[in-house]
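S.K.: The structure that follows is given in the form of structure tokens.
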Amino acid sequence: MIAAEALRHWVREREAMRIRKESGAPMPWTDDPILAKYRFCNVRREDDRVTVWIRRNIRERFAGLPNLWFMLAIGRWINWPDTLQEIIAGLPSDPQFVLPRLCEILAMRQARGEKVFTGAYTINAPATKGASKIDYVVKTVLGEPWRDRLRIGAMLDGSVRAATLRDTHIALSKYQGWGAFMAYQVVVDMRFTALLRGADDVETWAAAGPGTVRGLNRIAGRATDFALPQWRALAELRTLYETIRQETGVEMDFSDVPNILCETDKYLRVLNGEGAPRALYRPANNVGT
């Protein structure tokens, strides 16, 4: 199966699986042995389990909160609904977050032997040996942008100039521990709120991480480790956005295209005998991350 064909197949079949599952159809929801065995995200990030939770419990519930952006940052850095529910119940109802209280809530879960952070992606531990991961994430990773909240708030409310996805991504990426991947996760959450919904680059800008670049390289017939510049990756993402929708009939947001390419890369690694994803399919939680 050539890469472009695999991309179209993955999009159609992964979306069909979601529809079959949500309609109450019995398993199996696919005849594809790779999709049946391994965990893959949905075509649309908005359909993934944790994103659905964040949409209902943070994006919609706290839509008018001045510091909604920070709640979304907490949501993605934790990315585990049980923990997030406890945070929401335990923090003050006003927008003045108390970082020490956030540390206490996470530490209590850890002491009870309960899961604190997501397992969907790697959260790097602090560089100092023996340092608390909870303290590092709350006081440094989340603490730095929180202490800079007036500048971030001014950028997002348009008092300086209209914020774009790209500029917001650049701003968040500069904080310690963030990097391009985590900054993009939070930016995409903001894209579906009043914070960035009206940004003029919602259909023209996205971040291309390593998995996305590998997917683009496969589609173009290049070596998977080809060092694709971001400007060129973005141009190819824009072209693929129109092509994928036309050829599959599956509607999606431009922000979904990088993820689709990353998931297709995972699919092709298995198909080509190059390796396998680390997560197996489990019906109880396989509606995406």
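The values are calculated or read from the model by the stated rules, or taken from the named source; none is laboratory data. The shown structure was predicted, so the numbers you read here are calculated from the model rather than taken from an experiment. Every residue, glycine among them, receives a Cβ derived from its backbone with ideal geometry; neighbour counts consider all protein chains shown. Surface accessibility is based on the protein's heavy atoms, side chains included, excluding ligands, DNA and RNA. Shrake-Rupley method; radii C 1.70, N 1.55, O 1.52, S 1.80 Å.
S.K.: Looking at ALA223 and the list (1) assigned to a helix (DSSP H, G or I); (2) open to solvent by 10 Å² or more (accessible area, probe 1.4 Å); (3) more than 23 Å from ILE54 (Cβ to Cβ), which single condition is not satisfied?
M.R.: The one condition ALA223 does not meet is (1).
S.K.: Can you list the helices (runs of 4 or more DSSP H) lying wholly within region 1-105 that have 3 or more residues being under 28 Å from GLY273 (Cβ atoms) and touching a residue at least 60 places away in the same chain (Cβ under 8 Å)?
M.R.: Working: elements: 3-22, 33-37, 49-54, 68-78, 81-90.
Here the list reads 3-22, 33-37.
Residues are listed down the side, and each one gets a yes or a no for (1) over 18 Å from GLU60 (Cα atoms); (2) at pLDDT below 95; (3) open to solvent by less than 30 Å² (accessible area, probe 1.4 Å):
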residue	(1), (2), (3)
LEU72	no, no, yes
ILE87	no, yes, yes
PRO95	no, yes, no
VAL98	yes, yes, no
LEU102	yes, yes, yes
ILE105	yes, yes, yes
ARG112	yes, no, no
THR118	yes, yes, yes
THR122	yes, yes, no
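S.K.: Oh, and also: Give the residue, chosen from VAL186, VAL137, that is under 12 Å from TRP69 (Cα atoms) and of a type in the set (Val, Ile, Thr).
M.R.: Numbers: VAL137 fails: under 12 Å from TRP69 (Cα atoms).
Result: VAL186 is the single residue among VAL186, VAL137 that is under 12 Å from TRP69 (Cα atoms) and of a type in the set (Val, Ile, Thr).
S.K.: Related question: Could you name every one of the helices (runs of 4 or more DSSP H) located completely within region 127-208 that has at least 3 residues being open to solvent by less than 40 Å² (accessible area, probe 1.4 Å), in contact (Cβ under 8 Å) with a residue 24 or more places away in the chain and over 21 Å from PHE254 (Cβ atoms)? Step through it out loud before you land on a result.
M.R.: Values: elements: 143-147, 149-156, 165-173, 179-191.
So the answer is 143-147.
S.K.: Taking LEU237, is it open to solvent by 10 Å² or more (accessible area, probe 1.4 Å) and modelled with pLDDT of 95 or more? Let's see the steps before the verdict.
M.R.: Numbers: open to solvent by 10 Å² or more (accessible area, probe 1.4 Å): no; modelled with pLDDT of 95 or more: yes.
Considered against the rule, which asks whether it is open to solvent by 10 Å² or more (accessible area, probe 1.4 Å) and modelled with pLDDT of 95 or more, LEU237 comes out as no.
S.K.: Consider GLN246 carefully, then state whether it is open to solvent by less than 40 Å² (accessible area, probe 1.4 Å) and either among the charged types (D, E, K, R) or assigned to a helix (DSSP H, G or I) (or both).
M.R.: Criteria not met by GLN246.
S.K.: For region 253-268, does any single residue satisfy the condition of being open to solvent by 10 Å² or more (accessible area, probe 1.4 Å), in a helix (DSSP H, G or I) and either touching a Ser or Thr at 6+ places or on another chain (Cβ under 9 Å) or β-branched (Val, Ile, Thr) (or both)?
M.R.: Within region 253-268, one or more residues are open to solvent by 10 Å² or more (accessible area, probe 1.4 Å), in a helix (DSSP H, G or I) and either touching a Ser or Thr at 6+ places or on another chain (Cβ under 9 Å) or β-branched (Val, Ile, Thr) (or both).
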